[in-house]
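Below: the structure, in structure tokens.
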Amino acid sequence: GKSFGAERILQDISATVDRQDRIGIIGENGAGKTTLLRILTGELLPEEGEVSASRNLTFGYLEQNAAPVGERTVWGEMEDAYAPALAAMKELEKLNLALAQNPEDANLLEKNSNATAIIDAQDAYNREVKIKLVLAGMAFLPDTWGKKVQVLSGGERTRLQLAKLLVQNPDLLILDEPTNHLDFE
């Protein structure tokens with residue numbers, strides 16, 4: 001359950017989402033759809049009940065009106081999806097140099113293993129191919145990849161945010177009105 005002030009938005013909501021489910025939530029404006037999604041993502045806490053999820057569940061959330069804005073380019077925004085893996089790659093370079101000096105150091109070996117796991121989990125060595133495929137699939141031609149996000153239309157920004165989520169490949173993808181602000185084409 002969830003209230004805002006005296007207004008009760010959600011009450012007695014119960015649901016289970018299983019692997020491969022595709023669920024649509026429909027209702028009038030103000031019925032609590034976005035509130036429910038924000039509770040599912042952990043952005044809001046319910047006042048009653050709880051949300052439980054499988055351990056290590058990853059999710060992507062395309063908010064209703066939150067599209068990227070800023071100095072990054074289209075390509076840079078997509079690369080940002082790999083930020084944890086890119087940081088792990090930098091750390092791995094340093095760790096490999098340190099391991100060359102101390103190959104038996106258990107602490108360095110463990111850090112090396114952890115960094116490698118992060119890189120592998122995101123398939124980061126294949127990121128350029130994945131980014132190109134997803135951008136093409138979302139109708140971003142190569143000549144748009146160097147554009148600043150701030151000059152994109154609202155629809156292009158929404159598509160870019162969705163493309164970024166797709167390369168992240170979350171276990172659960174939550175889309176809040178994903179067709180809002182999309183260009184007609």
Could you tell me what percent of the accessible area of segment 8-47 is made up of carbon and sulfur, with a 1.4 Å probe and every protein chain present?
47
Cα gyration tensor of segment 75-185, axes a ≥ b ≥ c as square roots of the eigenvalues: rounded (a/c below 1.5), prolate (a/b > b/c) or oblate?
prolate
With the contact rule set at Cα under 8 Å and sequence spacing of 6 or more, what percent relative contact order holds for segment 17-137?
19
What's the FRET efficiency of residue 64 with residue 91 using the Cβ-Cβ distance as r and R₀ = 41 Å, to the nearest 0.05?
0.70
What FRET efficiency do you get for residue 171 and residue 128 if R0 is 35 Å and r is their Cβ-Cβ distance, rounded to the nearest 0.05?
0.90
Helix 83-101 vs. the chain, principal-axis angle (Cα, 0 to 90°, nearest 10):
20
Starting from the Cα of residue 16, move 7 Å in the Cα-to-Cβ direction to define the label point; list residues of segment 29-53 whose amide nitrogen is under 17 Å from there.
50-53
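Per residue, how much accessible area does segment 1-56 show when a 1.4 Å probe rolls over the protein heavy atoms, in square angstrom?
84
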Tell me, what is the per residue accessible area of segment 113-174 in Å², probe radius 1.4 Å?
53
Straight distance only, please: which lysines reach the Cα of residue 2 with their own Cα at less than 27 Å, same-chain residues fewer than 8 apart left out?
33
Between helix 154-168 and the chain: long-axis angle, C-alpha atoms, 0 to 90°, nearest 10
50
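About its Cα centre, what dipole magnitude does the chain give when the only charges are +1 on Lys and Arg Cβ and -1 on Asp and Glu Cβ, stated in debye to the nearest 20?
Details: 19 positive and 29 negative charges, 69 e Å.
Once rounded to the nearest 20, the dipole reads 340 debye.
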Rg and Dmax of segment 1-72, using alpha carbons, in Å: what are they?
14.1, 43
Multiplying the sequence separation of residue 4 and residue 44 by 0.36 nm and subtracting their Cα-Cα distance, what value in nm do you get?
13.2 nm
Taking Cα atoms, how many degrees apart are the long axis of helix 127-137 and the longest axis of the chain, rounded to 10 and kept between 0 and 90?
30
I want the local charge near residue 65. Using Cβ-Cβ distances under 11 Å, sum +1 for each Lys or Arg and -1 for each Asp or Glu among the other residues.
-2
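The values are calculated or read from the model by the stated rules, or taken from the named source; none is laboratory data. Computed from a prediction, not measured in an experiment: that's the story for all the values here. Cβ sites come from the backbone with ideal geometry, for glycine too, and all protein chains shown count toward neighbours. The accessibility values were calculated without ligands, DNA or RNA, using every heavy atom of the protein model including side chains. Shrake-Rupley method; radii C 1.70, N 1.55, O 1.52, S 1.80 Å.
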